[in-house]
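Let me begin by presenting the structure, written as structure tokens, before commenting on it.
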Amino acid sequence: MIGAKVGKRYAVAIYDIAAGENKVTEVYDTLNSIMETYLENLEFKNLVAHPLISKEDKKNFVKKVFPNFDEVEMDIVNYLIDKDRLLDIRSIVAEFLKIYYEKNQIVDVEATFALEPNEAQKENLIKKLEAKTGKKINLTVKIDSSIIAGGILKIGDEITDGSIKRQLETLWKK
């Protein structure tokens, strides 16, 4: 709970900075790069977590790891280092994404099907969902052959299960 509150506070501050510089997408990519590196690179994780390594050394190390970051991106990373918040990068990225989606009217949709839909089917589904929700759709498709046919849509916390598997389970329970 505390991590989420901290993540939200920093995400809001970073989003405001990014929006002011008209670099929201770039900053989101930056935060994701930092998070992926933090999760995958043990040396990076140990360095940013080590309390005896100076903030200046941490900043220099990050500059070497991410040489393509521009001034705004490095300012944000340095801000997180100065506040000892690189360890909270996962919650910051999650909260930043929530803010980004809310401000840009984007909703995540997870669609599960028995077979992989083709591109035209995916585009058609996105168009229908955008018309229904009034928002842009970020579609993730999963394949689960156990549902037999039909599909399952998860839009936010709402699940619509139109799978044959569910229909058969409902019949068998009667």
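The values are calculated or read from the model by the stated rules, or taken from the named source; none is laboratory data. Quantities reported herein were computed from a predicted structural model and do not represent experimental measurements. Positions of Cβ are generated from backbone atoms using ideal geometry, with glycine treated the same way; all protein chains shown enter the neighbour counts. Remember, those area values only see protein heavy atoms, side chains included, never the ligands or the DNA or RNA. Shrake-Rupley method; radii C 1.70, N 1.55, O 1.52, S 1.80 Å.
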Looking at the structure I just gave you, is residue 23 open to solvent by 20 Å² or more (accessible area, probe 1.4 Å), under 19 Å from the mean Cα position of the chain (by Cα), free of Cβ contacts under 8 Å to residues at least 12 places away in the same chain and within 20 Å of residue 95 (Cα to Cα)? no
Taking the range 102-125 and keeping residues open to solvent by 40 Å² or more (accessible area, probe 1.4 Å) and over 16 Å from residue 150 (Cα atoms) leaves 102, 103, 104, 105, 108, 119, 120, 123
Residue identified as at pLDDT below 95, open to solvent by less than 30 Å² (accessible area, probe 1.4 Å) and either polar (S, T, N, Q) or under 16 Å from the mean Cα position of the chain (by Cα) (or both) among 92, 81: 92
Got a number for residues in the range 71-100 being farther than 14 Å from residue 16 by Cα and either aromatic (Phe, Trp, Tyr) or not in a helix (DSSP H, G or I) (or both)? 3
Can you name every residue in the range 26-47 that is out of contact with any Ser or Thr (no Cβ under 8 Å at 6 or more places or on another chain), open to solvent by less than 70 Å² (accessible area, probe 1.4 Å) and among the hydrophobic types (A, V, I, L, M, F, W, C)? 27, 31, 34, 35, 47
Provide a single number: the residues in the range 39-78 that are touching a residue at least 24 places away in the same chain (Cβ under 8 Å) and closer than 18 Å to residue 9 by Cβ. 3
Counting only residues that are open to solvent by 30 Å² or more (accessible area, probe 1.4 Å) and within 21 Å of the chain's Cα centre (by Cα), the range 55-78 contains a total of 1
